[in-house]
Amino acid sequence: MDSPGARSETSTGRPPAPAPDLPLGALAGVPLGLPTSIRPGAAGGTGAPPAERSDAARNRERILTAARRVIERDGVDALTMDVLATEAGVGKGTIFRRFGSSTGVFRALLDETEREFQGRMISGPPPLGPGADPLDRLVAFGRARILVISAQGDLLRKSEAPPESRYSVPARQVTEVHVVSLLRQAGVEGDLPVLAFNLISMLEAILVLPPGAVRGVTSARLADGWEEIVRRLAP
(Lines give C-alpha, C1' and ligand atoms only; values in the text may rest on other atoms or scores of the structure.)
Protein backbone atom coordinates (compact mmCIF):
# COMPACT_ATOMS: atom_id res chain seq x y z
CA MET A 1 0.00 0.00 0.00
CA ASP A 2 1.24 3.47 -0.81
CA SER A 3 2.54 5.62 1.98
CA PRO A 4 0.43 8.71 2.68
CA GLY A 5 3.06 11.11 1.41
CA ALA A 6 4.35 9.24 -1.65
CA ARG A 7 1.55 8.32 -4.03
CA SER A 8 2.76 7.80 -7.59
CA GLU A 9 1.11 9.17 -10.70
CA THR A 10 -2.19 7.42 -11.43
CA SER A 11 -3.08 5.51 -14.58
CA THR A 12 -4.99 8.58 -15.82
CA GLY A 13 -1.74 10.51 -16.02
CA ARG A 14 -2.65 12.92 -13.27
CA PRO A 15 0.26 14.15 -11.10
CA PRO A 16 0.47 13.14 -7.46
CA ALA A 17 -1.92 15.00 -5.19
CA PRO A 18 -0.58 17.44 -2.59
CA ALA A 19 -0.16 16.37 0.99
CA PRO A 20 -3.52 15.98 2.76
CA ASP A 21 -2.69 18.02 5.85
CA LEU A 22 -3.19 21.41 4.25
CA PRO A 23 -3.73 24.48 6.43
CA LEU A 24 -7.07 26.20 6.19
CA GLY A 25 -5.38 29.21 4.64
CA ALA A 26 -4.64 27.16 1.55
CA LEU A 27 -8.38 26.99 0.89
CA ALA A 28 -9.52 30.39 2.07
CA GLY A 29 -11.96 31.84 -0.42
CA VAL A 30 -11.89 28.82 -2.72
CA PRO A 31 -15.33 27.20 -2.50
CA LEU A 32 -15.51 23.45 -3.11
CA GLY A 33 -15.93 22.91 -6.82
CA LEU A 34 -15.45 26.56 -7.81
CA PRO A 35 -12.47 27.58 -9.98
CA THR A 36 -9.99 29.96 -8.38
CA SER A 37 -9.76 31.90 -11.63
CA ILE A 38 -13.36 33.09 -11.26
CA ARG A 39 -13.44 33.37 -7.50
CA PRO A 40 -15.00 36.63 -6.34
CA GLY A 41 -12.27 39.18 -5.66
CA ALA A 42 -9.51 37.06 -7.23
CA ALA A 43 -6.63 39.02 -8.69
CA GLY A 44 -5.80 37.59 -12.09
CA GLY A 45 -6.96 34.16 -10.97
CA THR A 46 -3.98 33.43 -8.73
CA GLY A 47 -2.96 34.05 -5.17
CA ALA A 48 -4.94 35.72 -2.43
CA PRO A 49 -7.46 38.45 -3.24
CA PRO A 50 -6.21 42.01 -2.72
CA ALA A 51 -7.17 43.86 0.42
CA GLU A 52 -10.64 45.34 0.01
CA ARG A 53 -11.32 48.99 0.78
CA SER A 54 -13.95 49.60 3.42
CA ASP A 55 -16.30 51.32 0.98
CA ALA A 56 -15.88 48.51 -1.53
CA ALA A 57 -16.58 45.96 1.20
CA ARG A 58 -19.76 47.81 2.18
CA ASN A 59 -20.86 47.98 -1.44
CA ARG A 60 -20.20 44.29 -1.90
CA GLU A 61 -22.20 43.35 1.18
CA ARG A 62 -25.01 45.68 0.10
CA ILE A 63 -25.26 43.87 -3.23
CA LEU A 64 -25.08 40.40 -1.66
CA THR A 65 -27.68 41.30 0.97
CA ALA A 66 -29.98 42.45 -1.82
CA ALA A 67 -29.32 39.22 -3.73
CA ARG A 68 -30.23 37.15 -0.68
CA ARG A 69 -33.49 39.07 -0.32
CA VAL A 70 -34.43 38.45 -3.94
CA ILE A 71 -33.63 34.74 -3.72
CA GLU A 72 -35.49 34.29 -0.44
CA ARG A 73 -38.51 36.18 -1.76
CA ASP A 74 -38.68 35.06 -5.41
CA GLY A 75 -36.21 32.19 -5.92
CA VAL A 76 -32.82 31.87 -7.62
CA ASP A 77 -34.16 32.19 -11.17
CA ALA A 78 -35.54 35.65 -10.36
CA LEU A 79 -32.08 37.06 -9.63
CA THR A 80 -31.13 38.90 -12.81
CA MET A 81 -28.65 41.74 -13.01
CA ASP A 82 -31.46 44.22 -13.65
CA VAL A 83 -33.45 43.01 -10.65
CA LEU A 84 -30.35 42.99 -8.45
CA ALA A 85 -29.33 46.50 -9.47
CA THR A 86 -32.79 47.82 -8.63
CA GLU A 87 -32.97 45.93 -5.33
CA ALA A 88 -29.50 47.07 -4.24
CA GLY A 89 -29.90 50.63 -5.51
CA VAL A 90 -26.73 50.53 -7.61
CA GLY A 91 -25.92 50.58 -11.30
CA LYS A 92 -25.48 47.36 -13.24
CA GLY A 93 -21.96 48.46 -14.06
CA THR A 94 -21.07 48.38 -10.37
CA ILE A 95 -22.24 44.79 -10.12
CA PHE A 96 -20.43 43.75 -13.29
CA ARG A 97 -17.17 45.36 -12.12
CA ARG A 98 -17.38 43.62 -8.74
CA PHE A 99 -18.69 40.18 -9.73
CA GLY A 100 -18.28 39.90 -13.50
CA SER A 101 -21.66 38.27 -14.09
CA SER A 102 -24.70 36.88 -12.33
CA THR A 103 -22.75 33.62 -11.95
CA GLY A 104 -20.13 35.59 -10.02
CA VAL A 105 -22.86 36.80 -7.68
CA PHE A 106 -24.06 33.24 -7.12
CA ARG A 107 -20.52 32.10 -6.33
CA ALA A 108 -20.01 34.94 -3.90
CA LEU A 109 -23.21 33.99 -2.09
CA LEU A 110 -21.91 30.46 -1.66
CA ASP A 111 -18.45 31.53 -0.56
CA GLU A 112 -19.21 32.02 3.13
CA THR A 113 -20.95 28.66 3.49
CA GLU A 114 -18.22 26.84 1.60
CA ARG A 115 -15.39 28.41 3.58
CA GLU A 116 -17.14 27.47 6.81
CA PHE A 117 -17.52 23.89 5.56
CA GLN A 118 -13.86 23.69 4.58
CA GLY A 119 -12.81 25.00 7.98
CA ARG A 120 -14.84 22.36 9.81
CA MET A 121 -13.50 19.62 7.51
CA ILE A 122 -9.85 20.55 7.98
CA SER A 123 -9.60 21.83 11.55
CA GLY A 124 -13.05 21.69 13.14
CA PRO A 125 -14.30 19.37 15.88
CA PRO A 126 -14.75 15.65 15.22
CA PRO A 127 -16.23 13.68 13.63
CA LEU A 128 -16.04 15.95 10.55
CA GLY A 129 -12.76 17.43 11.74
CA PRO A 130 -9.63 15.65 13.03
CA GLY A 131 -9.71 13.36 16.04
CA ALA A 132 -12.33 10.78 15.07
CA ASP A 133 -12.08 7.34 13.50
CA PRO A 134 -11.34 7.82 9.76
CA LEU A 135 -14.51 6.04 8.64
CA ASP A 136 -16.55 8.13 11.08
CA ARG A 137 -14.96 11.23 9.55
CA LEU A 138 -15.81 10.04 6.05
CA VAL A 139 -19.40 9.39 7.08
CA ALA A 140 -19.58 12.86 8.64
CA PHE A 141 -18.08 14.44 5.51
CA GLY A 142 -20.78 12.96 3.28
CA ARG A 143 -23.60 13.77 5.66
CA ALA A 144 -22.43 17.38 6.03
CA ARG A 145 -21.99 17.78 2.28
CA ILE A 146 -25.49 16.45 1.62
CA LEU A 147 -26.87 19.05 4.03
CA VAL A 148 -25.08 21.84 2.15
CA ILE A 149 -26.30 20.58 -1.21
CA SER A 150 -29.85 20.16 0.06
CA ALA A 151 -29.93 23.68 1.49
CA GLN A 152 -28.22 25.44 -1.41
CA GLY A 153 -28.69 23.13 -4.37
CA ASP A 154 -30.18 25.81 -6.61
CA LEU A 155 -27.25 28.15 -5.99
CA LEU A 156 -24.75 25.35 -6.50
CA ARG A 157 -26.34 24.42 -9.81
CA LYS A 158 -26.22 28.04 -10.95
CA SER A 159 -22.56 28.42 -10.00
CA GLU A 160 -21.24 25.03 -11.05
CA ALA A 161 -17.87 25.00 -12.78
CA PRO A 162 -17.87 24.32 -16.55
CA PRO A 163 -17.37 20.62 -17.44
CA GLU A 164 -13.85 21.14 -18.78
CA SER A 165 -12.59 22.45 -15.42
CA ARG A 166 -14.91 20.74 -12.93
CA TYR A 167 -12.42 18.08 -11.87
CA SER A 168 -9.26 20.18 -11.82
CA VAL A 169 -10.17 23.07 -9.54
CA PRO A 170 -7.93 23.26 -6.45
CA ALA A 171 -10.65 22.82 -3.85
CA ARG A 172 -11.96 19.63 -5.44
CA GLN A 173 -8.44 18.24 -5.59
CA VAL A 174 -8.04 18.96 -1.87
CA THR A 175 -11.32 17.15 -1.22
CA GLU A 176 -10.07 14.14 -3.17
CA VAL A 177 -6.85 14.11 -1.16
CA HIS A 178 -8.87 14.35 2.06
CA VAL A 179 -11.04 11.36 1.14
CA VAL A 180 -8.05 9.31 -0.07
CA SER A 181 -6.28 10.04 3.22
CA LEU A 182 -9.27 8.88 5.28
CA LEU A 183 -9.64 5.71 3.20
CA ARG A 184 -5.94 4.94 3.63
CA GLN A 185 -6.06 5.58 7.39
CA ALA A 186 -9.06 3.25 7.63
CA GLY A 187 -7.08 0.45 5.96
CA VAL A 188 -9.24 0.33 2.84
CA GLU A 189 -7.47 -1.42 -0.03
CA GLY A 190 -7.68 -0.93 -3.78
CA ASP A 191 -7.27 2.01 -6.13
CA LEU A 192 -7.96 4.69 -3.55
CA PRO A 193 -7.84 7.73 -5.88
CA VAL A 194 -10.46 6.12 -8.13
CA LEU A 195 -12.55 5.07 -5.14
CA ALA A 196 -12.39 8.62 -3.75
CA PHE A 197 -13.38 10.03 -7.14
CA ASN A 198 -16.39 7.73 -7.27
CA LEU A 199 -17.47 8.54 -3.73
CA ILE A 200 -17.28 12.31 -4.30
CA SER A 201 -19.11 11.93 -7.62
CA MET A 202 -21.98 10.25 -5.76
CA LEU A 203 -22.46 13.42 -3.73
CA GLU A 204 -22.17 15.66 -6.77
CA ALA A 205 -24.78 13.59 -8.60
CA ILE A 206 -27.40 14.93 -6.18
CA LEU A 207 -27.13 18.26 -8.00
CA VAL A 208 -28.30 16.64 -11.24
CA LEU A 209 -31.65 15.67 -9.73
CA PRO A 210 -34.18 18.44 -9.26
CA PRO A 211 -36.03 18.46 -5.92
CA GLY A 212 -38.59 15.66 -5.77
CA ALA A 213 -37.22 13.91 -8.86
CA VAL A 214 -37.09 10.58 -7.03
CA ARG A 215 -40.21 9.99 -5.00
CA GLY A 216 -39.51 9.42 -1.32
CA VAL A 217 -35.72 9.86 -1.58
CA THR A 218 -35.12 12.53 1.04
CA SER A 219 -31.85 14.10 2.13
CA ALA A 220 -31.97 11.99 5.29
CA ARG A 221 -32.24 8.78 3.25
CA LEU A 222 -29.41 9.88 0.98
CA ALA A 223 -27.24 10.52 4.04
CA ASP A 224 -28.10 7.10 5.47
CA GLY A 225 -27.26 5.53 2.12
CA TRP A 226 -23.90 7.32 2.09
CA GLU A 227 -23.11 5.94 5.54
CA GLU A 228 -24.12 2.41 4.51
CA ILE A 229 -21.75 2.48 1.54
CA VAL A 230 -18.87 3.94 3.57
CA ARG A 231 -19.31 1.37 6.36
CA ARG A 232 -19.17 -1.44 3.80
CA LEU A 233 -15.66 -0.29 2.86
CA ALA A 234 -14.31 -1.24 6.29
CA PRO A 235 -11.71 -4.04 6.00
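The values are calculated or read from the model by the stated rules, or taken from the named source; none is laboratory data. Keep in mind that this is a model prediction, so the values were computed, not measured. With ideal geometry, Cβ positions are generated from the backbone for all residues, glycine too; neighbour counts draw on all protein chains shown. Side chains are part of the model used for accessible areas, which takes the heavy atoms of the whole protein and leaves out ligands, DNA and RNA. Shrake-Rupley method; radii C 1.70, N 1.55, O 1.52, S 1.80 Å.
Between Arg232 and Glu112, what's the calculated FRET efficiency when r is the beta-carbon distance and R0 is 45 Å? Round to 0.05.
Working: r = 35 Å, r/R0 = 0.77.
About 0.85, to the nearest 0.05.
Considering only protein heavy atoms and a 1.4 Å probe, what is the carbon-and-sulfur percentage of the accessible area of region 92-159?
Values: 1450 of 2790 Å².
Carbon-and-sulfur percentage of accessible area, whole number: 52.
When a/c is below 1.5 the answer is rounded, else prolate if a/b is larger than b/c, else oblate, so apply that to region 74-160 with a ≥ b ≥ c taken from the square roots of the Cα gyration tensor eigenvalues.
Details: a/c = 4.13, a/b = 2.65, b/c = 1.56.
Prolate, since a/c reaches 1.5 and a/b exceeds b/c.
Which ³J(HN,Hα) values, rounded to whole Hz and listed in residue order, are derived for region 107-121 from phi using the Karplus coefficients 6.51, -1.76 and 1.60 in 6.51 cos²θ - 1.76 cosθ + 1.60 with θ = phi - 60°, glycine and proline given as x?
Couplings: 5, 5, 5, 7, 4, 5, 5, 5, 5, 5, 5, 4, x, 5, 5 Hz.
Taking a spot 7 Å from the Cα of Arg157 along the direction of its beta carbon, which residues of region 64-90 have an amide N less than 12 Å from it?
76-77
Please give the FRET efficiency for Ala205 paired with Gln173, using the beta carbon to beta carbon distance and R0 = 22 Å, rounded to the nearest 0.05.
Numbers: r = 19 Å, r/R0 = 0.86.
It comes out at approximately 0.70.
Set the Förster distance to 41 Å, then compute FRET efficiency between Arg221 and Arg69 from the Cβ-Cβ distance, nearest 0.05.
0.80
Between Asp191 and Leu147, 0.36 nm times their residue separation minus their Cα-Cα distance comes to what?
Working: separation 44, 0.36 × 44 = 15.84 nm, distance 2.79 nm.
Taking 0.36 nm per residue and subtracting the Cα distance, the gain is 13.1 nm.
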